[in-house]
Amino acid sequence: MKRIFALLVSLTAVLALSGCNLPFMSSGGEGDLEAKSVKLVNEVVRGDYKVVTTAELKKWMDEGKDMLIVDTMPYEASYKKNHIPGAQQFLFPIPDMNEWDMKETGDKSQADFEAMLGADKDRLLVFYCGFVKCTRSHNGAVWARKLGYTNVYRHPGGIRAWIEAEYPVGTVK
C-alpha cells in the first residue's frame, strides 16, 4: 500500500511539474489526462520500478548521487541532439518488449545491456525517453528489473520535461 501511495504522489508531482497543459497531455481534457495517468500508473505497477520527477533527478545529479542514467531513444534521431548530461544511450522500442529482440535494441544483446548496467544489482538506475506518453523508458526499466536490478527508476517526463525545466542538455557532435 505504501508503494502505491508513493507512486501516486510521484505521479502527481510529475503532472504538477508538467503544468498539465503540454500538447501531449491536454488534447482531450481532464478525461484524457486521467486515462494517460492511469496508463502510466499501470505501467509502473506492472514493471515493478519506481518513478522520479525531473526536479528530483536534477537534485540527485547536483548532489553527486552515484547513478547511471539511461536514455532509451534512438542515437541519431534523439540522443545525439539532446540528452540529460552524463546519460548513456541504449535503444528500446515503444511497444512492450516481452522477449529480447536485437532488431529493436539497435543490434545490442541482453548481455550488452547488462554490461552497461554493471555488476552491482543495487546500483541506482534511471531510465528516460522523450515524454510521459513514450514507453521506451518503461521497457528499459522492466528489463533492468528482469535482470535482477533492485534500485530502478523511470523518469516519465523524459527529455521534454528536462528541457522545459531549462536544465542543461548534452549533445554529441
> Which of the residues spanning the range 119-161 are in a helix (DSSP H, G or I) and of a type in the set (S, T, N, Q)?
Replying inline: 137, 139
> Out of the residues in the range 121-173 that are more than 20 Å from residue 63 (Cα to Cα) and hydroxyl-bearing (Ser, Thr, Tyr), which is surrounded by the fewest Cβ atoms within 10 Å (Cβ to Cβ)?
Replying inline: 171
> Taking residue 127, is it closer than 21 Å to residue 38 by Cβ and at pLDDT 95 or above?
Replying inline: yes
> Do any helices (runs of 4 or more DSSP H) lying entirely in the range 1-114 carry at least 2 residues that are under 30 Å from residue 171 (Cα atoms) and modelled with pLDDT of 95 or more, and which ones are they?
Replying inline: 54-62
>> Just the residues that are within 20 Å of residue 40 (Cα to Cα) and either free of Cβ contacts under 8 Å to residues at least 24 places away in the same chain or among the charged types (D, E, K, R) (or both), please, taken from the range 112-161.
In response: 133, 136, 145, 146, 154, 160
> Taking the range 88-133, which residues are of a type in the set (Val, Ile, Thr) and either touching a Pro at 6+ places or on another chain (Cβ under 8 Å) or closer than 18 Å to residue 152 by Cβ (or both)?
Replying inline: 105, 126, 132
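The values are calculated or read from the model by the stated rules, or taken from the named source; none is laboratory data. What you see is a predicted model; the values in this text were computed from it and never measured. Cβ atoms come from the backbone with ideal geometry, glycine included; neighbour counts cover every protein chain shown.
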